[in-house]
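Trainee: First the structure, then my questions, so here it is.
Readers should treat all values here as calculations from the given coordinates under stated rules, not as data from a laboratory. Keep in mind the model is a prediction, meaning the values are calculated, not measured. Heads up, the Cβs are rebuilt from the backbone with ideal geometry, glycines too, and the neighbour counts pull from every protein chain shown.
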Amino acid sequence: KEGGAVVLTLGVLHGDGIGYEIVESAKAIASAAALHAGVAVQWKTLQMGEEAIKQFGTSMPDETIAHLSELEGWLMGPHDSLSYPAELKELRNPSGELRHHFDLYANIRPIQSSPFVRGMIDKADLVIYRENTEGFYVDRNMFQGVGEMMVTPDVALTTGVFTRKAIERIAHAAFQKAQRRRKKVTIVHKANVIKLGSGFFLSLCREVGKQYPDVKVDDYHIDAMCAHLVRRMPDFDVIVTENMFGDILSDLAGELVGSLGLASSINASASKVMAQAAHGSAPDIAGKGIANPIGMIESTALLFEWLGEKQKDHGLQLLASIIRESVTATLKKGIATPDLGGQATTNEFTDHVINLMTEGK
Ligand code: ATP
Ligand code: MG
């Protein structure tokens, strides 16, 4: 507490490539919006990625994890794990490490068309709830080391893991979100072929759905879902699916409404939230000052919205909407980075967003 007001402390992990540029942009915009919303936010910078390797010899130091355990939320920049020294490549990647350590089981990705961004589909407004801890992206250390193995030098075996605990909690999160939206959940699976694993996912999601009688439920096989998404994306509201299917669907959906640079996400447990843009570290444009910060900015807005819903705190929700509205108003003025066909640098875009808040538009 500071002068009676609660101060929210958020972690900041810049990461690699364009990470520093986009995370600083999101931080500056969030700080400005916090002033307008009357919320006190402070930042705690922590090491991750190449910086951390230089200092600690690992891309995700224990010191960072220890600090994060004290915090409710943090901004996570992208990392370029492929560029790490060979002896470190075997390690889990930094965000995988955090998802695992803090059991951030829900990867939540909203996908929305914008009238100011040219995409292949307009009027789409959906959110993907991707199970983030198991399924076909099973961790090597789960289940006595059986994630993947070479059965013989000529045969690789990859397993999938589906547990009641993980399926039920992602299903509840998805149905609860649907109740606050258009009240529709689509379950995506492949139960006709992967009868046990995907069948279990489907039947448990349907079972959980019965506790939310006001929410309509339907389901599709992952392959058919790709076609439906392209053909009638605006019909979908909340999609719930396992890890790998969710990964693939969110890239497809993100691209259908615009650029990769716009895609936002949070990873959440019951008590912690990590904001992370959906794109990578973009080493090809790193340091040029032209990265699109919107994915990181919108992820930060999602983080505040998530905390606001959890704490029933109107100020945090206001903070999230100030961020979003100012980004939209900036795009509306035709100010955008080169990936969207504009000429603004990352800093110019950021300054415009902040100025719009101060001017009250
Ligand atoms: P990763 O494995 O880390 O996800 P990736 O191979 O998917 O990496 P990205 O780093 O996401 O690749 O980049 C893919 C392409 O999109 C690159 O050409 C990159 O410059 C571009 N890109 C990604 N993010 C942005 C951004 N925020 N602004 C502008 N361009 C971007
Ligand atoms: Mg990628």
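Trainee: Let me make sure I get this right: for the range 257-361, a, b and c are the square roots of the gyration tensor eigenvalues over alpha carbons, sorted descending. Under 1.5 in a/c it's rounded, otherwise prolate if a/b > b/c, else oblate. Which is it?
Mentor: oblate
Trainee: Can you tell which of ASP223, ASP80, ASP154 shows the greatest fluctuation in a Gaussian network model of the chain with Cα springs below 10 Å?
Mentor: The residue with the greatest mean-square fluctuation here is ASP154.
Trainee: Under the classification rounded if a/c is under 1.5, otherwise prolate if a/b is larger than b/c and oblate if not, where does the range 178-245 fall, given a ≥ b ≥ c as square roots of the Cα gyration tensor eigenvalues? It would help to have the intermediate numbers written out before the result.
Mentor: Values: a/c = 2.40, a/b = 1.13, b/c = 2.14.
Judged from the Cα gyration tensor, the range 178-245 comes out oblate (a/c at least 1.5, b/c at or above a/b).
Trainee: Additional query: With 10 angstrom as the radius, rank THR346, THR152, THR158 by how many other C-beta atoms surround their C-beta, starting from the fewest.
Mentor: By the 10 Å Cβ count, ascending, the order reads THR152, THR158, THR346.
Trainee: Further question on the same structure: Give me the extension gain from ASN192 to GLU148: residue separation times 0.36 nm, minus the current Cα-Cα distance, reported in nm with one decimal.
Mentor: Gain on stretching ASN192 to GLU148: 13.5 nm.
Trainee: Could you tell me whether the range 249-292 comes out rounded, prolate or oblate from its Cα gyration tensor? Rule is a ≥ b ≥ c as square roots of the eigenvalues, rounded for a/c under 1.5, then prolate if a/b exceeds b/c, otherwise oblate. Show your work: numbers first, answer last.
Mentor: Numbers: a/c = 3.05, a/b = 1.39, b/c = 2.19.
Oblate.
Trainee: I would also like to ask the following. Using only helices, what value at 222 nm comes out for the chain when you add -39,500 (n - 2.57) per DSSP H run of length 4 or more and divide by the total residues, to the nearest 500 deg cm²/dmol?
Mentor: -13000 deg cm²/dmol
Trainee: Please list the non-local residues whose amide H lies under 5 Å from the amide H of THR9, H modeled 1.01 Å from N, same-chain partners needing a gap of 5 or more.
Mentor: Answer set, sorted by chain and number: GLN42.
Trainee: Taking the alpha-carbon distance from LYS310 and a cut-off under 25 Å, which lysines remain once sequence neighbours fewer than 8 residues away in the same chain are dropped?
Mentor: Result set, ordered by chain and number: LYS1, LYS27, LYS44, LYS165, LYS177, LYS183, LYS184, LYS210, LYS216, LYS272.
Trainee: Return one quarter of the surface area of the convex hull spanned by the alpha-carbon atoms of the chain, equal to its mean projected area, in nm².
Mentor: Working: hull surface 77.1 nm².
Over all viewing directions, the chain projects a mean Cα-hull area of 19.3 nm².
Trainee: While we're here: Rank ILE108, SER83, LEU98 by how far each Cα sits towards the positive end of the charge dipole of the range 80-120 (+1 on Lys, Arg Cβ; -1 on Asp, Glu Cβ) and give me just the farthest.
Mentor: ILE108
Trainee: Taking the beta-carbon count within 10 Å as an exposure proxy, list GLU298, GLU207 from fewest neighbours to most.
Mentor: Ordered by Cβ neighbours within 10 Å, fewest first: GLU207, GLU298.
Trainee: If each residue's Cβ is checked for other Cβ atoms within 10 Å, how do PHE136, PHE201, PHE175 rank with the fewest at the top?
Mentor: The most exposed by this proxy come first: PHE136, PHE175, PHE201.
Trainee: Given +1 on the Cβ of Lys and Arg, -1 on the Cβ of Asp and Glu, and no further charges, what dipole in debye does the chain carry about its Cα centre, rounded to the nearest 20?
Mentor: About 1320 debye.
Trainee: Moving to a separate point now. For the range 188-336, divide the Cα radius of gyration by the Kirkwood radius and give the resulting Rg/Rh value with two decimals.
Mentor: Dividing the radius of gyration by the Kirkwood radius yields 1.01.
Trainee: Given R₀ = 25 Å, FRET efficiency for GLN179-THR358 by Cβ-Cβ distance, to 0.05?
Mentor: It comes to 0.10.
Trainee: Out of all DSSP beta bridges with both ends in the chain, state the antiparallel percent to the nearest 5.
Mentor: Around 40 percent of the beta bridges assigned by DSSP in the chain are antiparallel ones.
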